[in-house]
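Down below is the structure, laid out as structure tokens.
The values are calculated or read from the model by the stated rules, or taken from the named source; none is laboratory data. Just so it is clear, the structure is predicted and the values come from calculations on it, not from any experiment. Note: ideal-geometry Cβ built from the backbone for every residue, glycine included; neighbour counts use all protein chains shown. The area values use the complete protein model at the heavy-atom level, side chains included, leaving out ligands, DNA and RNA. Shrake-Rupley method; radii C 1.70, N 1.55, O 1.52, S 1.80 Å.
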Amino acid sequence: MGIFSRFTDIVNSNINSLLDKAEDPAKMVRLIIQEMEDTLVEVRSSSAKTLADKKDLARQVSRFEADAEQWQEKAELALSKDRDDLARSALIEKKKCTENAQSLVDELAHTDEHLAKLQDEITQLQEKLADAKARQKAIIMREKTASSRLKVKKNINSERVNDALNRFDHYERKIDDIEAQVESYDLGSKSLADEIADLESDEKVDDELAELKAKMSVKK
């Protein structure tokens, strides 16, 4: 593919569409940027050569126009000496020089048109290159963020984490069993406070019994 064909393809391409279809957008952006930068280097080099060719064409035009003037002067000189034959030959050479100069002028016009179009396309490519570089930064940032989130998700859902949590549950149940065993030893045994409370309860019952007996004896 020639420089200008590839250049036009890049200028006319839709970067968003390319990225949407890419399996690896970050890699695609790097390739697009590299292609654009390489193309700019080649096109600028080609433009420099075209400009040099344009200057050479302009010099040739000037030379042919100068030659045409000289042949015009020679034709006039020949006529002044009554040498129509020489005057005719001089005018023929003048015609050749004029035609050559006109041909080069037409080529210069074509070259100027080509350079103007090329400059416009270079401007478009530079704008797309700037856009691609801006997108590259955003895509790289998104890729890093997504990769970090994916890593966290994988860790959260990994079997190792689930196994660790299951082991925690197992240890908690084991501790519950130990605590239950400790509490079972306390069942049936009374603390000092419990025993005193029982004595106080027994004393109330004895007082109530004595009172009841007293009432019964009075009635007899």
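In summary, the lysines within cross-link reach of K49, defined as a Cα separation below 19 angstrom excluding same-chain residues under 8 places away, comprise K117.
What's the extension gain from A180 to T145 if we count 0.36 nm per residue and subtract their Cα-Cα distance?
7.8 nm
For K204, a cut-off of 16 angstrom between C-alpha atoms picks up these lysines, skipping any fewer than 8 places away in its own chain: K213.
Taking the Cα centre of the stretch 88-154 as origin, work out the dipole magnitude from +1 charges on Lys and Arg Cβ and -1 charges on Asp and Glu Cβ, in debye rounded to 20. Mind dumping the intermediate values first?
Working: 15 positive and 11 negative charges, 232 e Å.
Here the stretch 88-154 has a charge dipole of around 1120 debye.
What accessible area per residue comes out for the stretch 44-98, rounded to a whole number of Å², with a 1.4 Å probe?
Details: 4050 Å² over 55 residues.
Per residue, the stretch 44-98 has 74 Å² of solvent-accessible surface.
Candidate cross-link partners of K27 among the lysines, defined by an alpha-carbon separation under 22 Å and a same-chain spacing of 8 or more, comprise K128, K133, K137, K144, K151.
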